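Below is one structure; the comments refer to it alone.
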Amino acid sequence: MNTPNAEWRDLDALHHLHPFTNHAALRAAGARVIVRADGPHIWDSEGHRILDGMAGLWTTNVGYGRRELADAARDQILELPFYNTFFKTTHPPVVALSQKLAEITPPHINQVFYGSSGSESNDTAIRLIRHYWALKGEPNRRIIISRKNAYHGSTIAAGSMGGMGHVHQHSYPVYEGFRHVMDPCWFDEGRDGESLDAFGIRAARAIEDEILAVGPENVAAFAGEPVQGAGGVKIAPDTYWPEVQRIVDKYGILLLADEVITGFGRLGTWFASDYYGIRPNLITFAKAVTSGYLPLSGLLIDDGLAEALMDHDDDFNHGYTFSGHPVACAVALKNIEIMERERLLPRVTDYAAPALRRMLEKFKDHPLVGEVRSVGMMGAIELVADKKTRRRFHNPGRVGLICRDHFFREGFIMRAVFDTMVCAPPLIWSDSEFEEAERVIAKALDLTLSDVAGEIAA
């Protein structure tokens, strides 16, 4: 398509509503038109090459331009482009993918229900959790506890389970049956003199406090991202998840691990639940299962939930037209095959994660930086007005957007979560990409500092 760049922008403004966007501001400025991608880079319509530090949107773990994934999609389209799984029917790609997922998940998880997005899978989890307790004769167990700043999707149910106020803003009101406790991010919630270990225990016990406040007999599940991604790559201390596991076991509630972001190698394991040693009853996934090449998501459930469904002669009245889409399943299978063949999981553990940590730690003394942190191939840089007190800037998000724009102009993508700069690179980064990113981070931070120098504490 030879449409001039300006025309693309004009047409976008005329017809396209973007997600999570101030539409008036975007249309006044015009959208950046992305036209191609290869490996770890994307190109815009003006010819700028940009290093993608967000793997698309936490998705393209194997990088762009993988011909094998395109071939897998083409071959499946020619063989069977679509059929549903409603009419007591199945097809080879969904059977093969389900078998493969059972192989790479923890031993107690052997069943999967498919959707097309993380939001859909979390909606499915909510419905199944409540249905499970009804089948067990405890229909009052409806409350699902989550955390502030958690992101579980944008549908009304999944958005309500999440703990982001700006998402709740458009639910009118938040759907009933959800409670939100403190998130386990020491930088935001830690007390002066409080150790990371002590903070982790305190943050976990906020869950127990909420269970006792609403009554254990009314609590169905605790839902949490192993690492809070869209909330700002918030990494819990080592003491947190073992204590969470103790609490859910003590009160007999279900544990839902939202691995839409952390699944499929982001921490160097197939799932972050493995990394943290937790035993979830349910795991939601999406994004990187196909490396973002096609939409696909799913809900993995343990044998106990599956048995409860099988023990009752009734329908689970839930599903989607594209549940187990054959083309998406074929691409997912090929994506997993690539990850296994190229040993991307041990590559994250042995090389990429340490390289990311070393790179980010070089900026911890920058005048604008309050903290750097990373786990696996996820990292964050906190932008602050006062390093000593962790005081943030007025009008949260303003400085983050300034910084993000500098990153884009200099050729590297980091996402601004208010004033937290986050990254989640493809798992294929090499020394040259880390060196390229380091150069841009240094320049973008200095440019941002120059823009806000008058707001920085002496």
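Of the helices (runs of 4 or more DSSP H) that lie entirely inside region 1-109, those containing 2 or more residues that are within 18 Å of S297 (Cβ to Cβ) span 55-58, 67-79, 92-104.
Yes or no: region 86-104 includes at least one residue that is within 24 Å of M378 (Cβ to Cβ), modelled with pLDDT of 95 or more and not polar (S, T, N, Q). Yes; the residues of region 86-104 include at least one that is within 24 Å of M378 (Cβ to Cβ), modelled with pLDDT of 95 or more and not polar (S, T, N, Q). Filtered by the rule that a residue be at pLDDT below 95 and closer than 18 Å to A444 by Cα, region 388-407 gives no residues.
If I ask for residues that are on the phi < 0 side of the Ramachandran plot and out of contact with any Asp or Glu (no Cβ under 8 Å at 6 or more places or on another chain), which ones from region 338-350 would you list? Walk me through how you get there before you give the answer.
From region 338-350, those on the phi < 0 side of the Ramachandran plot are 338-342, 344-350; that's our starting set.
Within region 338-350, M339, E340, R341, E342, L344, L345, P346, R347, V348, T349, D350 meet the criteria.
For the condition basic (K, R), touching a residue at least 12 places away in the same chain (Cβ under 8 Å) and surrounded by fewer than 18 Cβ atoms within 10 Å (Cβ to Cβ), R279 qualifies. In region 368-385, the residues that are within 16 Å of D446 (Cα to Cα) form Cβ pairs under 7 Å with partners that are in a strand (DSSP E or B) and among the basic types (K, R), at six or more places apart or across chains, as follows: V384/R391; A385/R391. Quick one: H318 ticks every box in (1) closer than 27 Å to S117 by Cα; (2) in a helix (DSSP H, G or I) except a single one, so which number is it? Here H318 clears every test but (2).
Quick check on region 302-325. Is at least one of its residues closer than 22 Å to R130 by Cα and β-branched (V, I, T)? Give the derivation first.
So the first thing to find is which residues in region 302-325 are closer than 22 Å to R130 by Cα, and the list is 302-320, 323.
Now drop any that are not β-branched (V, I, T), which leaves none.
No, that holds for no residue.
Only one of the numbered conditions (1) closer than 25 Å to G379 by Cβ; (2) not assigned by TED's automatic domain parsing to the domain that holds E433 is violated by P4, and that is (1).
Does R147 count as within 25 Å of A204 (Cβ to Cβ), surrounded by 18 or more Cβ atoms within 10 Å (Cβ to Cβ) and in contact with a Lys or Arg (Cβ under 6 Å, 6 or more places away or on another chain)?
On the way: within 25 Å of A204 (Cβ to Cβ): yes; surrounded by 18 or more Cβ atoms within 10 Å (Cβ to Cβ): yes; in contact with a Lys or Arg (Cβ under 6 Å, 6 or more places away or on another chain): no.
Judged against the criteria, R147 is not a match.
Filtered by the rule that a residue be surrounded by 18 or more Cβ atoms within 10 Å (Cβ to Cβ) and among the small types (G, A, S), region 155-186 gives A157, A158, G159, S160, G162, G163.
Residues are listed down the side, and each one gets a yes or a no for (1) surrounded by 18 or more Cβ atoms within 10 Å (Cβ to Cβ); (2) within 21 Å of the chain's Cα centre (by Cα); (3) without any contact (Cβ under 8 Å) to a residue 40 or more places away in the chain:
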| residue | (1), (2), (3) |
| --- | --- |
| G190 | yes, no, yes |
| A203 | yes, yes, yes |
| P216 | no, no, yes |
| V219 | yes, no, no |
| P226 | yes, yes, no |
| T239 | yes, no, no |
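Every condition in (1) buried (at least 23 other Cβ atoms within 10 Å of the Cβ); (2) farther than 30 Å from G53 by Cα is met by G232 except one, and the failing one is (2). Among the residues of region 352-397, the one identified as on the phi > 0 side of the Ramachandran plot and buried (at least 20 other Cβ atoms within 10 Å of the Cβ) is G376. Within region 248-278, track down each residue that is touching a strand residue (DSSP E or B) at 6+ places or on another chain (Cβ under 8 Å) and of a type in the set (G, A, S). Hits for region 248-278 are A257, G263, A272, S273.
Screening region 408-434 for residues that are buried (at least 24 other Cβ atoms within 10 Å of the Cβ) and not in a strand (DSSP E or B) and picking the one that is nearest to the chain's Cα centre (by Cα) gives A424.
Among the candidates D209, D183, which residue alone is of a type outside the set (A, V, I, L, M, F, W, C), over 18 Å from S160 (Cα atoms) and outside the structural domain of F418 (by TED's automatic domain parsing)?
On the way: D183 fails: over 18 Å from S160 (Cα atoms).
The conditions single out D209.
Taking first residues from region 424-442 that are within 16 Å of V375 (Cβ to Cβ) and of a type in the set (V, I, T) and partners that are outside any loop (DSSP other than H, G, I, E, B) and at pLDDT 95 or above, no Cβ contact under 9 Å between residues at least 6 apart in sequence or on separate chains turns up. Restricting region 242-251 to residues that are within 24 Å of A158 (Cβ to Cβ) and surrounded by fewer than 23 Cβ atoms within 10 Å (Cβ to Cβ), the residue that is nearest to the chain's Cα centre (by Cα) is Q245.
Let's see how each residue does on (1) out of contact with any Ser or Thr (no Cβ under 6 Å at 6 or more places or on another chain); (2) surrounded by fewer than 16 Cβ atoms within 10 Å (Cβ to Cβ):
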residue: I50; (1), (2): yes, no
residue: T60; (1), (2): no, no
residue: R74; (1), (2): yes, yes
residue: V95; (1), (2): yes, yes
residue: E103; (1), (2): yes, yes
residue: T124; (1), (2): yes, no
residue: K136; (1), (2): yes, yes
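Please tell me if R415 is among the basic types (K, R), under 24 Å from N61 (Cα atoms) and touching a Leu at 6+ places or on another chain (Cβ under 9 Å). Outline the logic, then answer.
Values: among the basic types (K, R): yes; under 24 Å from N61 (Cα atoms): yes; touching a Leu at 6+ places or on another chain (Cβ under 9 Å): yes.
Against the criterion (among the basic types (K, R), under 24 Å from N61 (Cα atoms) and touching a Leu at 6+ places or on another chain (Cβ under 9 Å)), R415 qualifies.
Taking the options Y83, Y114, name whichever one is aromatic (F, W, Y), more than 21 Å from the chain's Cα centre (by Cα), surrounded by 12 or more Cβ atoms within 10 Å (Cβ to Cβ) and closer than 30 Å to A158 by Cβ. It would help to see each step written out before you state the result.
Numbers: Y114 fails: more than 21 Å from the chain's Cα centre (by Cα).
Just one listed residue meets the conditions, Y83.
The values are calculated or read from the model by the stated rules, or taken from the named source; none is laboratory data. Values in this document were obtained by computation on a predicted structure and should not be read as measured data. As a convention, Cβ positions derive from the backbone with ideal geometry for all residues, glycine included, and neighbour counts pool all protein chains shown.
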